[in-house]
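The values are calculated or read from the model by the stated rules, or taken from the named source; none is laboratory data. Everything numeric here is computed off the predicted structure, so don't read it as measured data. All Cβ positions, glycine included, derive from the backbone under ideal geometry; neighbour counts span all protein chains shown.
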Amino acid sequence: MIRAEQLTKRYGGRTVVQDLSFTVRPGSVTGFLGPNGAGKSTTLRMLLGLDAPTRGRATLAGRRYADHPAPLTQVGALLEARSLHPGRSARNHLTALALTHGIPRSRVDQVLDLAGLTEVADRRVKGFSLGMGQRLGIAAALLGDPAAVVLDEPVNGLDPEGVLWIRTLLKSLAAEGRTVLVSSHLMSEMALTADHLVVIGKGRLLADTTVTALVREAGGTTVKVVTPDAGRLRALLPTTARITADAPDTLHVTGLDAAEIGRTAAAHGLPLYELTPQTASLEQAFMDLTHDSVEYQGAEPQRAGHPGAAHQGAAHQGAAA
């Protein structure tokens, strides 16, 4: 089990993490999410004893990371896959780590095989691609057969086969009863891999919940409406609804159910070609939840040839401000 208790980290007058508490339990994959600058990397570094918290406490299996006599056998971590000696081979890199913890050499061969690196085990890592470096970092994290695994952006640089491999690996580790904490920016991958989510923004906890609950509560349900009178219908719907358009005849309405929209259209004689409820994606739910925590926000792209694009873009920016 991984536990953060009131973690706070300040650098001078700047607070990066503020009173952050959460628990990562064994038996499931927990996704650790947040926009850039949210404090994810700092939090992971505090969990692993690389940064000392200004206040609060981080424990792994009930102890601080530094208090474990053989930490690789308790927690396997990947924070920076390229932090390797370029002149060493993959095998030598793992062997050096194994010797510091009394791990048998046979385990080196096992994790090389698990990571798909057996054929390149004796090549110097300076010639490794980004994906190969990621695989080696994951192999190192699993070297001590740890009860907990902490991985930061593990699919970065992996090809589709590698992404499927890491997804299957994480699920199998959780199924074995291990504690798995994974940080990622890929919402589509987290939707397929994670069971539970911890979401932070500006160093504070925004959500500690399941994927299903976050999508339901933060993203809500959007109704796709196709009508030749989209402009008239949009003007008739309550201003409390959030309405976007990706085509002249198509609206996406959040905040109203399909029945309400249908009744409004029928009352004013507006034809409907489609009225389809669509559950929000994890990506949309995440964007909604973290909207006020994003460091930099770009303007909404204008659709070429759309007569109202410039006006809608300006209105969107004004609402965001």
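The figures follow:
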quantity: Subset of segment 186-197 (residues that are buried (at least 20 other Cβ atoms within 10 Å of the Cβ) and polar (S, T, N, Q)); calculated: Thr193
quantity: Qualifying residue in segment 64-86 (condition: of a type in the set (D, E, K, R) and modelled with pLDDT of 95 or more); calculated: no
quantity: Test result for Gly137, crowded, with 19+ Cβ neighbours inside 10 Å, within 25 Å of the chain's Cα centre (by Cα) and either assigned to a helix (DSSP H, G or I) or outside the structural domain of Gly31 (by TED's automatic domain parsing) (or both); calculated: yes
quantity: Residue within segment 106-119 that is among the small types (Gly, Ala, Ser), assigned to a helix (DSSP H, G or I), assigned by TED's automatic domain parsing to the domain that holds Gly49 and more than 30 Å from Met1 (Cβ to Cβ) present; calculated: no
quantity: Matching residues, segment 48-70, being touching a residue at least 40 places away in the same chain (Cβ under 8 Å) and in contact with a Phe, Trp or Tyr (Cβ under 7 Å, 6 or more places away or on another chain); calculated: Leu48
quantity: Ala70 surrounded by 22 or more Cβ atoms within 10 Å (Cβ to Cβ) and within 30 Å of Lys126 (Cα to Cα); calculated: no
quantity: Leu7 being in the same structural domain as Thr193 (by TED's automatic domain parsing), farther than 18 Å from Asp152 by Cα and surrounded by 19 or more Cβ atoms within 10 Å (Cβ to Cβ); calculated: yes
quantity: The lone exception for Thr54 - which of (1) surrounded by fewer than 14 Cβ atoms within 10 Å (Cβ to Cβ); (2) out of contact with any helix residue (DSSP H, G or I) (no Cβ under 9 Å at 6 or more places or on another chain); (3) of a type in the set (Val, Ile, Thr) it fails; calculated: (1)
quantity: Hits in segment 212-236 (condition: buried (at least 20 other Cβ atoms within 10 Å of the Cβ) and either farther than 20 Å from His252 by Cβ or modelled with pLDDT of 95 or more (or both)); calculated: Val225, Thr227, Leu233
quantity: Selected residue (only one of Asp122, Asp113 is farther than 23 Å from Val163 by Cβ and surrounded by fewer than 20 Cβ atoms within 10 Å (Cβ to Cβ)); calculated: Asp122
quantity: Filter result (among the charged types (D, E, K, R), over 28 Å from Gly34 (Cβ atoms) and in contact with a strand residue (DSSP E or B) (Cβ under 7 Å, 6 or more places away or on another chain)) within segment 119-155; calculated: Asp122, Arg123, Arg124
quantity: Elements of type helices (runs of 4 or more DSSP H) in segment 151-237, at least 3 residues being within 24 Å of Ala77 (Cβ to Cβ) and without any contact (Cβ under 8 Å) to a residue 12 or more places away in the chain; calculated: 160-175
quantity: Single residue of Arg105, Arg123 found to be out of contact with any Asp or Glu (no Cβ under 9 Å at 6 or more places or on another chain), among the basic types (Lys, Arg) and either closer than 27 Å to Leu192 by Cα or without any contact (Cβ under 8 Å) to a residue 24 or more places away in the chain (or both); calculated: Arg105
quantity: Qualifying residues in segment 157-185 (those that are of a type in the set (S, T, N, Q) and surrounded by 19 or more Cβ atoms within 10 Å (Cβ to Cβ)) - the one nearest to Leu143 (Cα to Cα); calculated: Thr179
quantity: Selection status of Thr279, surrounded by fewer than 17 Cβ atoms within 10 Å (Cβ to Cβ) and within 30 Å of Lys40 (Cα to Cα); calculated: yes
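One line per residue, one yes/no per condition, for (1) touching a residue at least 12 places away in the same chain (Cβ under 8 Å); (2) within 22 Å of Glu283 (Cβ to Cβ):
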position: Ile2; (1), (2): yes, no
position: Glu5; (1), (2): yes, no
position: Gly12; (1), (2): no, no
position: Asp19; (1), (2): yes, no
position: Phe22; (1), (2): yes, yes
position: Thr30; (1), (2): yes, yes
position: Leu33; (1), (2): yes, yes
position: Thr42; (1), (2): yes, no
position: Met46; (1), (2): yes, no
